[in-house]
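The values are calculated or read from the model by the stated rules, or taken from the named source; none is laboratory data. The structure presented is a predicted model; accordingly, all values stated were derived computationally and were not measured. In this analysis, Cβ positions are derived from the backbone assuming ideal geometry, glycine residues included, and neighbour counts consider all displayed protein chains. Calculation scope for accessible area: heavy atoms of the full protein, side chains included, ligands and nucleic acids excluded. Shrake-Rupley method; radii C 1.70, N 1.55, O 1.52, S 1.80 Å.
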Amino acid sequence: MLAACGSASTSSSTTTTVKSTSGTPIHGGVASYALPIGEEFSWILPLENEANYEDYDSNVESGLWRPLYFAGARGKTGVNYKLSIADPPVHSHGDTEVTVDLKQGWKWSDGQPVTTSDVRFFFELEAAGAKLGDYAPYVPGEMPDDIKSVTYNGPYSFTIHLTHSYNPEWFTGNQLTWIYPLPRQVWDKTCATCAVGHNAATPSGATAVFKYLYKESGNLLELLTK
């Protein structure tokens, strides 16, 4: 079930492509994390639940998932657009609309491109999680409450229509950095043997997909070997 994304032009089914310090792409690699005594990794999806919302789980997630906008670099604050999946957002209409263009070339580990379909999948699941009360990062009044609607302009562009105007720097740094494109082509299903499709396109379907993925995320061994 795991599908990391990278910007390399080629990738294999379960390998994440990274870059060496020399800038030469390499496959694989090992990341080491320090854990508190008696603790262990317990969550892997970038849609955290209340019980497993820990810093060390978030650190692992950040090594597996690239957010729409990558925050910080080498001790610096702000958005690192070089490491982000999208170009700088364009705020318009009195800061009530935000248009985002995805960079072409980002691919999932199965070779499929990262598109607005994956962004839409995230929004669908986030809305379901917020309604269920199981999505830990949810703060009433913020995303998804501050989004009136989203227009998908094509496979690499979408526009967010906000409930009212927001400071562009705040919205980019505190909302857009929380968006994680998710691989609809393998995860939009409600059980292990169910067909993948657009199940999350309806509120009830999104709830079913959300519950299934949350259940699967609790079984890390099974998740990492799929």
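The set of residues in the stretch 42-72 being modelled with pLDDT of 70 or more and of a type in the set (Ser, Thr, Tyr) consists of 42, 53, 69.
Quick test for you: out of 130, 136, pick the one residue that is touching a helix residue (DSSP H, G or I) at 6+ places or on another chain (Cβ under 9 Å), within 23 Å of residue 50 (Cα to Cα), small (Gly, Ala, Ser) and not in a strand (DSSP E or B).
Criteria check complete, one pass: 136.
Scanning the stretch 178-192 for residues that are part of a helix (DSSP H, G or I) and open to solvent by less than 10 Å² (accessible area, probe 1.4 Å) turns up just one, 187.
Quick check: is even one residue across the stretch 22-41 modelled with pLDDT of 75 or more and closer than 26 Å to residue 163 by Cβ? Before you say what the answer is, go through the steps one by one.
Initially, the stretch 22-41 is screened for residues modelled with pLDDT of 75 or more, giving 37.
From what's left, closer than 26 Å to residue 163 by Cβ: none.
No, that holds for no residue.
No other residue among 172, 159 is part of a strand (DSSP E or B) and among the β-branched types (Val, Ile, Thr) apart from 159. Going by the conditions given, is residue 95 of a type outside the set (Ser, Thr, Tyr), assigned to a loop (DSSP other than H, G, I, E, B) and either under 17 Å from the mean Cα position of the chain (by Cα) or surrounded by fewer than 14 Cβ atoms within 10 Å (Cβ to Cβ) (or both)? No; evaluated as a whole, the condition is false for this residue. For residues that are out of contact with any helix residue (DSSP H, G or I) (no Cβ under 9 Å at 6 or more places or on another chain) and among the hydrophobic types (A, V, I, L, M, F, W, C), scanning just the stretch 98-121, find the one that is nearest to residue 204 (Cα to Cα). Top of the filtered list is 119.
Checked against the criterion of being open to solvent by 10 Å² or more (accessible area, probe 1.4 Å) and out of contact with any strand residue (DSSP E or B) (no Cβ under 7 Å at 6 or more places or on another chain), the candidates 133, 129 yield just one match: 133.
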